[in-house]
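Take a look at the structure set out below.
All of the numbers you see were taken from the coordinates with simple rules; none came from a lab. Given the structure is predicted, the values throughout are model-derived calculations rather than measurements. Methodologically, a virtual Cβ is constructed for each residue, glycine included, from the backbone with ideal geometry; neighbour enumeration extends over all protein chains shown.
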Amino acid sequence: LKSIEDGWDSDGVAQMYHRVGLIYFDRGESDLALDHFWHALRAKKRRALGSDQGTYWAALHERVGTCDEEDLASVLFCMGLAHQERCEYEWAMASLGEALVVQRRHLGPDHADVAQTLLHIGAVHARMSEMNESQAAYSRARNMQRRLE
């Protein structure tokens, strides 16, 4: 895939890596899934910055609308799930937290995807024995789901 990456549109490359990562994740191969999710983020970075240089997260926060934020949130969410499956809880929290920021900006504060991300953040907090944070995230998600019914 890398040999053709430079000749493709960065969004097309990102989507391809994301979809292949999802296939690996569904097969229980989280190492390969994460590798593909990272490549998807790299392709998003190229589109946002025009190259691999610079600070990716800063560029995302400064350039709202430069890339497809729904797709970006999905890649970050999937990365969080893969890290969670591998018991890499700090990485899971970082990915899910960034997904949440992008989702709220793109979808608004009350959306089913935001609630789903909050549920996973609560699960990661529970795995890290951070029960107060876990309960708070679950509570926010549950309240949001009720408002959306």
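Here are the numbers for the structure shown:
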| item | result |
| --- | --- |
| Linear extension gain, L32 paired with D110, 0.36 nm per residue minus alpha-carbon span | 24.8 nm |
| Residue-wise HN-Hα coupling along segment 13-29, computed from phi with Karplus coefficients 6.51, -1.76, 1.60 (Hz; x: Gly, Pro) | 5, 4, 5, 4, 4, 4, 5, 5, x, 5, 4, 4, 4, 4, 7, x, 9 |
| N132-E149 pseudo-label distance in nm [points 7 Å out on the Cα-to-Cβ vector] | 3.0 |
| Relative packing of 111-123, 70-82, 15-27, which averages over residues the other C-beta atoms within 10 Å, highest first | 70-82, 111-123, 15-27 |
| Kirkwood Rh and Cα Rg combined as Rg/Rh, segment 67-119 | 0.97 |
| Size of electric dipole in segment 61-149: Cβ of Lys, Arg +1 and of Asp, Glu -1, about Cα centre, debye, nearest 20 | 360 |
